[in-house]
């Protein structure tokens with residue numbers, strides 16, 4: 001049997017020693033050669049010095065476990081209620097896998113602790129007038145019971161209505177060029193419209209829209225103007241139109 005030179009200080013317990021022996025012999029943890037590992041484990045115990053006796057109890061318990069597994073593997077195979085063979089090493093393998101997970105987790109935590117020591121933190125230096133600043137618009141009051149789902153449903157309904165206006169025959173004539181819609185120009189149009197209409201519906205705002213892209217841009221601009229507090233939007237029911245009220249001048 002090959003002689004091994006080990007020190008107790010290198011291992012934190014019997015499971016740590018077993019993992020070392022498994023790695024050293026390059027064997028599969030799921031198919032541990034019990035005879036080989038037990039022999040090397042017992043050799044390690046024989047080399048322990050007397051001052052280590054107070055730490056030997058766990059190692060001795062594991063030694064008895066290894067000897068028990070070794071004896072059971074020499075006996076005829078045991079079977080469970082389903083008729084499957086019982087591997088005497090199963091419980092030991094499970095403990096080794098769990099220990100290995102915890103061991104490498106501890107390495108990760110140690111590395112994180114070391115990395116954390118490289119970071120410096122400073123207390124907040126934000127000016128008091130900025131920290132105490134409140135948003136000029138109460139978004140919860142502005143939106144009311146309007147939700148993103150409701151807005152999306154309304155938007156989809158507007159798109160369907162716009163599609164219904166398209167002649168399915170004539171729309172296929174010729175080549176349709178992509179229409180570019182400028183968001184800034186659309187915002188200027190909406191502001192001009194709002195300057196003469198303090199209350200209006202989203203459908204009225206789309207009266208001069210001719211494409212899906214233009215409807216999308218108009219919808220996004222209205223959302224942005226809601227965010228900045230220029231508009232307030234309400235809807236009485238799911239099928240009703242969106243009602244827009246001008247709150248302040250741009």
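The values are calculated or read from the model by the stated rules, or taken from the named source; none is laboratory data. This is a predicted model, so every value here is computed, not measured. Neighbour counts are summed over all protein chains in view; Cβ atoms, including those assigned to glycine, are modelled from backbone coordinates with ideal geometry.
The table that follows gives values for the structure above.
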item: Some residue of segment 163-174 being in contact with a helix residue (DSSP H, G or I) (Cβ under 7 Å, 6 or more places away or on another chain), assigned to a loop (DSSP other than H, G, I, E, B), surrounded by 10 or more Cβ atoms within 10 Å (Cβ to Cβ) and at pLDDT below 75; result: no
item: Residue in segment 27-35 that is in a helix (DSSP H, G or I), closer than 21 Å to residue 91 by Cβ and at pLDDT 85 or above present; result: yes
item: Hits in segment 186-209 (condition: under 40 Å from the mean Cα position of the chain (by Cα) and either exposed (fewer than 13 other Cβ atoms within 10 Å of the Cβ) or under 23 Å from residue 141 (Cβ atoms) (or both)); result: 202
item: So residue 17, is it closer than 14 Å to residue 63 by Cβ and modelled with pLDDT of 90 or more; result: no
item: Residue within segment 86-97 that is at pLDDT 85 or above, assigned by TED's automatic domain parsing to the domain that holds residue 107, over 27 Å from residue 107 (Cα atoms) and loosely packed, with under 13 Cβ neighbours inside 10 Å present; result: yes
item: Whichever residue in segment 210-226 is more than 29 Å from residue 135 (Cα to Cα) and surrounded by fewer than 19 Cβ atoms within 10 Å (Cβ to Cβ) and, among such residues, is modelled with the lowest pLDDT; result: 210
item: Residue in segment 154-162 that is modelled with pLDDT under 80 and surrounded by fewer than 13 Cβ atoms within 10 Å (Cβ to Cβ) present; result: yes
item: Odd one out for residue 200 among (1) part of a helix (DSSP H, G or I); (2) at pLDDT 75 or above; (3) in contact with a strand residue (DSSP E or B) (Cβ under 9 Å, 6 or more places away or on another chain); result: (1)
item: Any hit, segment 106-121, residues being within 30 Å of residue 39 (Cβ to Cβ) and either in the same structural domain as residue 30 (by TED's automatic domain parsing) or at pLDDT below 85 (or both); result: yes
item: Test for residue 76: is it within 40 Å of the chain's Cα centre (by Cα), part of a loop (DSSP other than H, G, I, E, B), free of Cβ contacts under 8 Å to residues at least 60 places away in the same chain and at negative phi; result: no
item: Verdict on residue 180 being modelled with pLDDT under 75 and in a loop (DSSP other than H, G, I, E, B); result: yes
